[in-house]
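Peer 1: Have a look at the structure that comes next, please.
The values are calculated or read from the model by the stated rules, or taken from the named source; none is laboratory data. Predicted model only: the values in this text are computed from it and were never measured. Cβ sites come from the backbone with ideal geometry, for glycine too, and all protein chains shown count toward neighbours.
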Amino acid sequence: MNPFFNPLNSLPLLGSYFFDPPRLVHMNAAELKRYQNKAFKRIVKYAYETPLYHQKYKKAGIHANDITGIDDIVKLPFITKQDIRNSFLDGVIPRGYDGNKGHMVSTGGTTGKSVSIYTDFCTIAKAASPVLRELQRFHLNWLKARFIHIGNFNPNRIDLVAQESFHKPLTSIIPMDNKLNLDINIPMTKLINTINEFRPDLILTYPAVFQHLAYLKRKGYGEHITPTVFWTAGAMLDEYTRRYVEGAFNCPLRNIYTSVESQADIAFECLEKTWHIHADFFHLEAIDKNHELVSAGEQGHLAITRLFGRGTPIIRYTGMDDWVRLRPSKDCICGLSTPVIEGGVEGRMRANIILPGGKVFPPGAFCFIESALQGFDTFKIKQYQIIQHRIDAIEILLVIDEELRDVGPSVSVIMNRIMKAYQKKVGPDVTILVKEVDTIKYPKNARKPPPIVVSHVKLEEGYRELGV
């Protein structure tokens, strides 16, 4: 039976459709806090029936009834990726939860081991609310705007699960001819021709895919691709890539922040480039290496709590591995007043650049190709990647647009400018090699495009440099 025909599903979802998207516009800080308190107490009681959380809370001497609101979150222990892996399957779902009626979804496993959790129809459907809110901020109607999602539709990936369990049943009720899903493995020229025929108002995909599409656009492909906005997720967006894509399509490129574990968009970047947190759906914390909360605006490791949904609870989960700087409510010109991620997500901890002396750069802080080329006014660099092979050796790979090779500053001048900019940043004890390559290779068994920053140096090496 179509799950939308079940009133136990359809009635709550109808309420979500009308009340969720405008909530952050109409609520003041006190009202939002009351909403968070209620949602948090409900999700903790749900988690308490899940063996993983029950055992953790019992060991910490905490009962679900001890939690009176969101401020009590500090009483609860953190949950790691390894905790979920060790407890899978029965330990990550509540007692009595029928796994056959749910859906297992898995992360991409970019660290070598994926994490699997459970979700269900109502959770996936509820996760559409933040997207509707975002569309409203970009003045797009979800029933009319033409939307393309270029993603990973392999088995157990959230893209495929959402398509099969939510979007297909929805299309039997409401025609969704304005939405098109495309697999990331489609050849780029075929991909851009398909996009050109569809003429979307919005495209969602990885930054590297946008960069390839922008390259083809600059070569004359995609004459009918004139969208309102591009959304990107799943990898870090650097400013060079943003400017490269926006210049090609004359269209804003903005971030959304999501994950398999979150099940929904955690935050999004509005036209004013403010990263608004969907604070009625998530509570975010930034912690240091000792799992202590850092001050507002201070860099920390993300811990995320999901305030909705069923399946596997996500409370004080540290497995997303991202660097963030969090700020309390900020009034934005776009009309939203929400907690924000200041400056956006700074990248994965495992991609940190560790320098002699113990200095650490999050990946987002180590992408300054854009500033290094300031004044050159060139898009000669088609793609780039930064690889730290050793603590004292960094390689920067550049792919050059052959048609622009002899236009503007020479490749050698550009390479020398980049080398000097990075050498100044890292100091004389690190060797910087800037190298031209034909392509940036995909990682082995890759499920998405290659990252901009790759580090083969462990954080412990930086600590050893400090004598810690």
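Residues are listed down the side, and each one gets a yes or a no for (1) of a type in the set (Val, Ile, Thr); (2) over 28 Å from the mean Cα position of the chain (by Cα); (3) part of a helix (DSSP H, G or I); (4) at pLDDT below 90:
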site: Leu8; (1), (2), (3), (4): no, yes, yes, yes
site: Leu11; (1), (2), (3), (4): no, yes, yes, no
site: Gly15; (1), (2), (3), (4): no, no, yes, no
site: Glu31; (1), (2), (3), (4): no, no, yes, no
site: Asn37; (1), (2), (3), (4): no, no, yes, no
site: Arg42; (1), (2), (3), (4): no, no, yes, no
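Matching residues to (1) outside the structural domain of Phe379 (by TED's automatic domain parsing); (2) touching a residue at least 40 places away in the same chain (Cβ under 8 Å); (3) part of a loop (DSSP other than H, G, I, E, B):
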| residue | (1), (2), (3) |
| --- | --- |
| Met236 | yes, yes, yes |
| Ala248 | yes, no, no |
| Ile256 | yes, yes, no |
| Ser262 | yes, yes, yes |
| Ala279 | yes, yes, yes |
| Glu285 | yes, yes, no |
| Lys289 | yes, no, yes |
| Gly300 | yes, no, no |
| Ala303 | yes, yes, no |
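Peer 1: Identify, by number, the condition in (1) out of contact with any strand residue (DSSP E or B) (no Cβ under 8 Å at 6 or more places or on another chain); (2) at pLDDT below 90; (3) surrounded by 12 or more Cβ atoms within 10 Å (Cβ to Cβ) that Tyr97 doesn't meet.
Peer 2: Failed condition: (1).
Peer 1: Could you tell me whether Asp377 is surrounded by 21 or more Cβ atoms within 10 Å (Cβ to Cβ) and free of Cβ contacts under 8 Å to residues at least 40 places away in the same chain?
Peer 2: Against the criterion (surrounded by 21 or more Cβ atoms within 10 Å (Cβ to Cβ) and free of Cβ contacts under 8 Å to residues at least 40 places away in the same chain), Asp377 does not qualify.
Peer 1: Is it the case that segment 123-138 has a residue that's farther than 21 Å from Pro313 by Cβ and of a type in the set (Lys, Arg)?
Peer 2: Checked segment 123-138: at least one residue is farther than 21 Å from Pro313 by Cβ and of a type in the set (Lys, Arg).
Peer 1: Among what's in segment 1-43 and is aliphatic (A, V, I, L, M) and farther than 20 Å from Pro339 by Cβ, pick the residue that is surrounded by the fewest Cβ atoms within 10 Å (Cβ to Cβ).
Peer 2: Applying the filter and picking the extreme gives Met1.
Peer 1: Among the residues that make up segment 79-97, is at least one of them under 27 Å from Ile174 (Cβ atoms) and in a helix (DSSP H, G or I)? Walk me through it before giving the result.
Peer 2: Step one: of segment 79-97, the residues under 27 Å from Ile174 (Cβ atoms) are none.
Looking for residues that are under 27 Å from Ile174 (Cβ atoms) and in a helix (DSSP H, G or I), one finds none in segment 79-97, hence no.
Peer 1: I would also like to ask the following. For the condition in a helix (DSSP H, G or I), in the same structural domain as Ile203 (by TED's automatic domain parsing), touching a helix residue (DSSP H, G or I) at 6+ places or on another chain (Cβ under 8 Å) and closer than 27 Å to Phe153 by Cα, what is the one hit in Thr241, Thr312, Thr226?
Peer 2: After applying the criteria, what remains is Thr241.
Peer 1: Would you say Leu433 is within 27 Å of Thr232 (Cα to Cα), touching a strand residue (DSSP E or B) at 6+ places or on another chain (Cβ under 9 Å) and at pLDDT 95 or above?
Peer 2: Answer is no for this residue.
Peer 1: Could you grab me the full set of residues in segment 402-445 that are in a helix (DSSP H, G or I), of a type outside the set (Phe, Trp, Tyr), surrounded by 14 or more Cβ atoms within 10 Å (Cβ to Cβ) and in contact (Cβ under 8 Å) with a residue 24 or more places away in the chain?
Peer 2: Scanning segment 402-445 gives Leu404, Val411, Ile414, Arg417, Ile418, Ala421, Lys425, Val426.
Peer 1: Take the residues in segment 330-374 that are acidic (Asp, Glu) and more than 20 Å from Val454 (Cα to Cα), then tell me which one is surrounded by the most Cβ atoms within 10 Å (Cβ to Cβ).
Peer 2: Within segment 330-374, the match that is surrounded by the most Cβ atoms within 10 Å (Cβ to Cβ) is Glu342.
Peer 1: Could I ask something else about it? Being modelled with pLDDT under 90 and surrounded by 17 or more Cβ atoms within 10 Å (Cβ to Cβ) is true for just one of Val457, Val468. Which residue is that?
Peer 2: Only one candidate qualifies: Val457.
Peer 1: Could you look through segment 134-167, keep only residues that are outside any strand (DSSP E or B) and of a type in the set (A, V, I, L, M), and pick out the one that is nearest to Thr194 (Cα to Cα)?
Peer 2: Ala145
Peer 1: May I pose another question? Are any residues in segment 316-337 over 18 Å from the mean Cα position of the chain (by Cα) and not basic (Lys, Arg), and if so, which ones?
Peer 2: Pro328, Ser329, Asp331, Cys332, Ile333, Cys334, Gly335, Leu336, Ser337 - these are the residues of segment 316-337 that are over 18 Å from the mean Cα position of the chain (by Cα) and not basic (Lys, Arg).
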